[in-house]
1. Quick one: in the range 20-41, which of the residues that are surrounded by 15 or more Cβ atoms within 10 Å (Cβ to Cβ) and among the charged types (D, E, K, R) is farthest from Leu9 (Cα to Cα)?
2. Just to check your reading of the model, which residue among Val64, Val47 is touching a strand residue (DSSP E or B) at 6+ places or on another chain (Cβ under 6 Å), of a type outside the set (S, T, N, Q) and outside any loop (DSSP other than H, G, I, E, B)?
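Derivation of every value follows stated rules applied to the coordinates shown; laboratory data play no part. Note that the structure is a prediction, hence the values are computed from the model and not measured. Neighbour counts run over all protein chains shown; Cβ positions are idealised from the backbone, glycine included.
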Amino acid sequence: MSLGNLGDLGNLDLSTLQQFLPDVNYPASREEVASSAETNNAPQELVQQIRSASTERFNSPDEVLQAVQGRL
């Protein structure tokens, strides 16, 4: 599934995010999550947001979602 240009990542929901992260075992490092997203054809802007997140480690997909939406 491709979202094309997500525009505002605030519109991203958890189920869509998890489609890009099917193989991630939490807790996971920021780079593990970003690499999984990239491997699963996530939009580049989403991968960049994960890589630039302020947290080094994510404990759940919800934490990833909060980080890319700027709430973590």
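1. Glu32
2. It is Val64.
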